[in-house]
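Engineer: Here it is, the structure in full.
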Amino acid sequence: MARVIGVVTTARSDYGPLLPLLRVLREFAGVRLKIYAGGTHFSSINGFSIDEVETEFGDCVIRVPCEINGDDPVDLTRTMAQSLAGYGLAFAAARPDILVVLGDRYDMIPVVLAALPFNIPVAHLSGGEVTEGVIDDAIRHAVTKLSHLHFATAETFGQRIAQLGEEAWRIHVVGEPGLDLFQTMERLPKGEVYGEFGLDPQLPLSLFTYHPETIGFEDVSASIAEILAGANLVPDTQILFTHPNSDTGSSHILTAIRAYAHARQGCRIVPSLGKQRYFQFLGHCDCLVGNSSSGIIEAATFGVPVVNIGTRQAGRIEPRNVITVPTQRDVIADAWRTALSPAFRADLGDLENPYGDGRSSVRIAEILAKAPLSRDLVRKKFVDQRSKGLTANNDNRP
């Protein structure tokens, strides 16, 4: 009897990294794939990407629709509550043998909480990472403790999962599955890629994606204003903006970039490029600007220079194509000009991506297909780390 592997996708941000794994699981012997699709896949602001998922995976998709009516804290808590109920109903109707989740988004907590009373084993991708500027950091570690198998992208992250008390046999260092897509992707001509949006292939292009820093979201309007003031100091580039995600404060970013793109020549704005088109642009653009995890994890595979702004990605391993700067217009502009310079790009010729080799999906699928579906998988033990003790007078307090 085929083993049912359920995979959850709640947004374009996780669908791209999951896509190679989904394709492997769909064809894997002894496995029946189910995709639970919810969250911002049903949001028009974010491109209504459920169509993209269903176009490729058809009957494998189980819809878990959710209304997202705003981005303030009350709106997000309401969304989380609705998602929790929705996934509970979905698992009651179609319970997987193992459930795969990725990352750290606020809409992933309801998924794993819904799986808990069903005793569904959860396999977590990208645990052990750190992003100090967002609430996602706490969510990621919480999801680790609610999960039973762990697929880390690097050895350092696997060690952190162990520090959280997880047993060694549950932890697998496999690399980033999203990088696997590059192994089979056909590179389209630059003129064709740019032409779809009326961009000039003879001019530099900066791909721009900026999300709220949710620890300090109250400052988001001032932050995006400072960043766009920095963009004004770099006039010799076209800019392709993509929408921010649905975190608290995203509406302020969206309003600002819409106004800026309308006023500045050579700018375009699109809700979502979709993963295939996004990778095509990564292969041809001159630099990536903002604070997307894509700049840290994926851009190195293409040798694309990155200007990483602020603290959203603080704590991740940064390849040397990444220039991290504070949210200050002059510093941003200086880094942006550096990233666009031929000399900086030339120095990246031997760049290796620390997040993987493009062969992660098969490794993950093999482990999922062989994991014992016994009570031992869901009965977890906490592994104590025998090290120096903590005291009430800890000198490391802030």
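The values are calculated or read from the model by the stated rules, or taken from the named source; none is laboratory data. The shown structure was predicted, so the numbers you read here are calculated from the model rather than taken from an experiment. FYI the Cβ positions are ideal-geometry reconstructions off the backbone, even for glycines, and counts take in every protein chain you see.
Engineer: Any idea which of (1) surrounded by fewer than 20 Cβ atoms within 10 Å (Cβ to Cβ); (2) at pLDDT below 95 is the one Asp286 doesn't satisfy?
Structural biologist: (2)
Engineer: Ok, one more. Please tell me if Ala261 is at pLDDT 95 or above and surrounded by fewer than 22 Cβ atoms within 10 Å (Cβ to Cβ).
Structural biologist: Yes: the conditions hold for Ala261.
Engineer: Which one is surrounded by the fewest Cβ atoms within 10 Å (Cβ to Cβ) among residues in the range 1-32 that are part of a loop (DSSP other than H, G, I, E, B) and modelled with pLDDT of 90 or more?
Structural biologist: Restricting to residues being part of a loop (DSSP other than H, G, I, E, B) and modelled with pLDDT of 90 or more, the top hit is Ala29.
Engineer: A follow-up question, please. Given Asn353, Asn308, which one is buried (at least 18 other Cβ atoms within 10 Å of the Cβ), in contact with a helix residue (DSSP H, G or I) (Cβ under 7 Å, 6 or more places away or on another chain) and not in a loop (DSSP other than H, G, I, E, B)?
Structural biologist: Of the residues listed, the single one that is buried (at least 18 other Cβ atoms within 10 Å of the Cβ), in contact with a helix residue (DSSP H, G or I) (Cβ under 7 Å, 6 or more places away or on another chain) and not in a loop (DSSP other than H, G, I, E, B) is Asn308.
Engineer: Would you call Arg268 surrounded by fewer than 21 Cβ atoms within 10 Å (Cβ to Cβ), over 30 Å from Met80 (Cβ atoms) and touching a Phe, Trp or Tyr at 6+ places or on another chain (Cβ under 6 Å)?
Structural biologist: When the stated conditions are applied, Arg268 passes them.
Engineer: Still on this model: With the checklist (1) part of a loop (DSSP other than H, G, I, E, B); (2) crowded, with 16+ Cβ neighbours inside 10 Å; (3) out of contact with any Phe, Trp or Tyr (no Cβ under 9 Å at 6 or more places or on another chain) in hand, flag the one item Asn69 doesn't pass.
Structural biologist: (2)
Engineer: Hey, another quick one. Which one of Arg105, Arg78 is free of Cβ contacts under 8 Å to residues at least 24 places away in the same chain and closer than 23 Å to Asp247 by Cβ?
Structural biologist: Every option except Arg78 fails the conditions.
Engineer: Just a yes or no: is a residue in the range 33-44 at pLDDT below 95, touching a strand residue (DSSP E or B) at 6+ places or on another chain (Cβ under 8 Å), assigned to a loop (DSSP other than H, G, I, E, B) and crowded, with 19+ Cβ neighbours inside 10 Å?
Structural biologist: For the range 33-44, residues at pLDDT below 95, touching a strand residue (DSSP E or B) at 6+ places or on another chain (Cβ under 8 Å), assigned to a loop (DSSP other than H, G, I, E, B) and crowded, with 19+ Cβ neighbours inside 10 Å: absent.
Engineer: OK, next. Ala371 passes all but one of (1) surrounded by 16 or more Cβ atoms within 10 Å (Cβ to Cβ); (2) modelled with pLDDT under 95; which number fails?
Structural biologist: (2)
Engineer: Tell me which strands (runs of 3 or more DSSP E) are completely within the range 106-191 and hold 3 or more residues being at pLDDT below 95, outside the structural domain of Ile296 (by TED's automatic domain parsing) and more than 21 Å from Ala37 (Cβ to Cβ), or say none if there are none.
Structural biologist: It comes to none.
Engineer: Please verify whether Ile296 is farther than 30 Å from Gln159 by Cβ and crowded, with 23+ Cβ neighbours inside 10 Å, treating the condition exactly as stated.
Structural biologist: no
Engineer: Would you call Ile239 in contact with a Cys (Cβ under 8 Å, 6 or more places away or on another chain), modelled with pLDDT of 95 or more and not in a loop (DSSP other than H, G, I, E, B)?
Structural biologist: Judged against the criteria, Ile239 is a match.
Engineer: Regarding Val289, is this residue in a strand (DSSP E or B) and either out of contact with any Lys or Arg (no Cβ under 9 Å at 6 or more places or on another chain) or within 18 Å of Glu176 (Cα to Cα) (or both)?
Structural biologist: yes
Engineer: Restricting attention to the range 233-271, report how many residues are closer than 18 Å to Ile297 by Cβ and among the hydroxyl-bearing types (Ser, Thr, Tyr).
Structural biologist: 1
Engineer: Can I ask one more? Evaluate the range 290-307: report whether one residue or more is acidic (Asp, Glu) and over 21 Å from the mean Cα position of the chain (by Cα).
Structural biologist: No, the conditions are met nowhere in the range 290-307.
Engineer: Say whether the condition of being in a helix (DSSP H, G or I) and either at pLDDT below 95 or of a type outside the set (Lys, Arg) (or both) is met by at least one residue in the range 199-218.
Structural biologist: Checked the range 199-218: at least one residue is in a helix (DSSP H, G or I) and either at pLDDT below 95 or of a type outside the set (Lys, Arg) (or both).
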